Amino acid sequence: MSVSAKACSSVVPFDIRPLSDVMGGEVEGFDLSTLSSVCERTDFLSEVCRNGLLVFHDQNLSAQQFGELSRFCGELEFHVLDQYRLEEVPEIYVISNIVENGKSVGNPKDGFGWHTDQSYLHRPTAYTLLHGVETPAEGADTLFASTEEAYGQLDPELKARIDGMKAVHSYVYMRTGNADYMRDNGVKSELTAAQREQVPDVVHPLVRTHPLTGRKSLYLGGDCIVRIEGMEYEESRALLDTLFAAVLAPANQIALKWRPGDVVIWDNRTTMHSATDYDRERYRRLIWRTSVKGEVPT
Ligand code: SIN
């Protein structure tokens, strides 16, 4: 695949077609395995930040190529659930319903419920990349919502109220203590003592400023958010519900429909997302995921 000089923008070597008025763009006819030789990293990431998410169709990268593309975007995380890392490229975390020799090749149920990736880390994920190696013909859309738009739409009184507030994010709570999350997602407590130790609870601001654009967005994490610091649980829950409702307003969302071979990259600092289900008896789904380390949210 190649892209003609005429079709190239002055900074990134591909054209972006908007997916909606709120966020997202799609790219056809560009081979991501050539990215590092034709584009500056900062230009590429600026485009991701400007759009919130980009989907590149028809990629079909090998695991090595997907790893290289991800490393081009920054330093990669190794997922705490090491049983789902890809052996040949361990930075790749596998999501899949496929079972081989009696063993799941990836996490069969991940990404359900609205969230921002790895907000439970001190330096949460800045960018996530997914590669749809096998995707169902129907279902399994990934939903996205803009936390930046949502913040912009809050009334000034609410903005002033949440200014300076912080919230506790906890992976251990999500996987072992959050009964709603566990019931809705069929999750059993599967953390070893060593895995728990890697993910102590962290505190992040409820409103964060983007390090590249300087714009503000809500930072809600998802099911790992335990409560707002210094607030009683009920009051904290009510405020969090109001903020979640602002982010998840239907006009603020898009549904990404997968095509096999798609690569999607998004900015976790300005978006939330959620996986949706599909007919697991009928279809196979195999997704590779990498996570690019971000900065401490401020
Ligand atoms: C994720 O939350 O990273 C995965 C989303 C999906 O599988 O659709």
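The values are calculated or read from the model by the stated rules, or taken from the named source; none is laboratory data. Note that the coordinates shown come from a computational prediction; the quantities given were computed from them, not determined experimentally. Reconstructed Cβ throughout: ideal geometry from the backbone, glycine too, with neighbour counts over all protein chains shown. Please note that ligands, DNA and RNA were not included when accessible areas were found on the heavy atoms of the full protein model with its side chains. Shrake-Rupley method; radii C 1.70, N 1.55, O 1.52, S 1.80 Å.
Could you identify the single residue in Thr192, Thr176, Thr213 that is of a type in the set (Val, Ile, Thr) and modelled with pLDDT of 90 or more?
Thr213
In the stretch 76-106, how many residues are open to solvent by 10 Å² or more (accessible area, probe 1.4 Å), within 12 Å of the ligand (Cβ to nearest atom) and within 19 Å of Glu281 (Cβ to Cβ)?
2
For the stretch 259-269, does any single residue satisfy the condition of being at pLDDT 95 or above, open to solvent by less than 50 Å² (accessible area, probe 1.4 Å) and under 14 Å from Ala167 (Cβ atoms)?
No, the stretch 259-269 contains no residue that is at pLDDT 95 or above, open to solvent by less than 50 Å² (accessible area, probe 1.4 Å) and under 14 Å from Ala167 (Cβ atoms).
Could you check the stretch 223-292 for strands (runs of 3 or more DSSP E) lying wholly inside it with 3 or more residues that are in contact (Cβ under 8 Å) with a residue 24 or more places away in the chain and touching a helix residue (DSSP H, G or I) at 6+ places or on another chain (Cβ under 9 Å)?
225-228, 263-267
As an exercise: evaluate Val203 against (1) modelled with pLDDT under 95; (2) open to solvent by 40 Å² or more (accessible area, probe 1.4 Å) and give the number of the one condition it does not meet.
(1)
What number of residues within the stretch 25-57 are open to solvent by less than 30 Å² (accessible area, probe 1.4 Å) and within 24 Å of Met272 (Cβ to Cβ)?
14
State whether the residues of the stretch 221-231 include one that is under 16 Å from Ala145 (Cβ atoms) and modelled with pLDDT of 90 or more.
Yes, that holds for at least one residue.
Just checking, which of Asp117, Asp141 is open to solvent by less than 10 Å² (accessible area, probe 1.4 Å), in contact with a Ser or Thr (Cβ under 6 Å, 6 or more places away or on another chain) and not assigned by TED's automatic domain parsing to the domain that holds Tyr93?
Working: Asp141 fails: open to solvent by less than 10 Å² (accessible area, probe 1.4 Å).
Testing whether each residue is open to solvent by less than 10 Å² (accessible area, probe 1.4 Å), in contact with a Ser or Thr (Cβ under 6 Å, 6 or more places away or on another chain) and not assigned by TED's automatic domain parsing to the domain that holds Tyr93 leaves just Asp117.
Here are the criteria: (1) within 15 Å of the ligand (Cβ to nearest atom); (2) in the same structural domain as Val80 (by TED's automatic domain parsing). Tell me which single one Asp223 does not satisfy.
It fails just one condition, (2).
Can you tell me which of (1) more than 16 Å from the ligand (Cβ to nearest atom); (2) polar (S, T, N, Q); (3) at pLDDT below 85 is the one Asn185 doesn't meet?
(1)
Only residues in the stretch 203-217 that are closer than 14 Å to His169 by Cβ count as the first member; pair them with residues that are aliphatic (A, V, I, L, M) and open to solvent by less than 50 Å² (accessible area, probe 1.4 Å), Cβ under 6 angstrom, at least 6 apart or cross-chain, and list the lot.
Val203/Val168; Leu206/Ile162; Leu206/Met165; Leu206/Ala167
Is it the case that Val247 is open to solvent by less than 60 Å² (accessible area, probe 1.4 Å), more than 15 Å from the ligand (Cβ to nearest atom), farther than 22 Å from Gly74 by Cα and modelled with pLDDT of 95 or more?
yes
Spot the failing condition for Leu286; the list is (1) in the same structural domain as Ser70 (by TED's automatic domain parsing); (2) away from the ligand (no atom under 16 Å from the Cβ), and only one is missed.
Answer for Leu286: the failing condition is (2).
Would you check which residues across the stretch 134-170 are of a type in the set (Phe, Trp, Tyr) and within 14 Å of the ligand (Cβ to nearest atom) and list them?
Within the stretch 134-170, Phe144 is the sole residue that qualifies.
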